[in-house]
Amino acid sequence: MKDNIESEIKNIKYDRKILSIGFIIMSLVAIFTAYYKENNISPTKTYVLEQRESPNLNIAPLDIIKDDDIKVFNDVNKTILVKKDIMDVLNERFNIETNEFAYCLYGSFNSTAYIIEKIEEPFTKKRDNKSIVRDLCPINALGSIHSHPNGYCFISPRADFFKFGRENLLIYGVMCNNNTLKIMENTDLNTYLNMQVIG
């Protein structure tokens, strides 16, 4: 009788452990499912940024940034369109910052343009006037930019390695002056795209 009671107690303890482990696993699955749903991602799917055609935009007359450096503008008519309110935020930040800053770029694109409709600053771990250490932009971003307060209008080799090697986004660039974003596609690291501010 004593052996039966001890055996039953062991079975109950074993069942409780199994139930506890099952509860923990189910809780983790629920947490991850909620996270992935909220961020519109799937842990088992490989993402390719879907091309979204943009609605007709009221585009201001083309105002291409003057380019005195050795890189040339892309001649395939692909343009970076930046909303004026976003450019105003970038200009204001550029004018007061002595250290580099970075933004993830969000928006839409089609066969002729990337439209920057929103920016978000990634978590920054460390920055000074010549470098920045930050989190990667999420996969749903079009690209990223960082500033060069010294006015240097090229993406440095170190930034090339970091961005093109690890972020795998569509466009990357630098802000090197007011109203001056030098942005290139990840498929052509030798050519800057035309840029225009839209209303």
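Some notes on this structure:
- Take each peptide in 78-84, 125-131, count the other Cβ atoms within 10 Å of every residue, and average; sorted highest first, the result is 78-84, 125-131.
- Note on Asn177 and Ile31: the extension gain reaches 48.2 nm, defined as 0.36 nm multiplied by sequence separation minus the Cα-Cα distance.
- Length gained on full extension, Val133 to Asn110, computed as 0.36 nm times the residue gap minus the Cα-Cα distance: 5.2 nm.
- Phi-derived couplings, Karplus 6.51 cos²θ - 1.76 cosθ + 1.60 at θ = phi - 60°, listed residue by residue for the stretch 114-120: 10, 10, 8, 10, 7, 10, 9 Hz, with x used for Gly and Pro.
- Rounded FRET efficiency, nearest 0.05, which uses the C-beta distance separating Lys126 from Asn91 and R0 of 30 Å: 0.80
- Cut-off 20 Å (backbone N to label point 7 Å along Cα→Cβ of Asn150), residues of the stretch 174-199: 174-178, 180-183
Where a number appears in this text, it was derived from the coordinates with a stated rule and is not lab data. Remember, it's a predicted structure, so these values are computed and weren't measured experimentally. Positions of Cβ are generated from backbone atoms using ideal geometry, with glycine treated the same way; all protein chains shown enter the neighbour counts.
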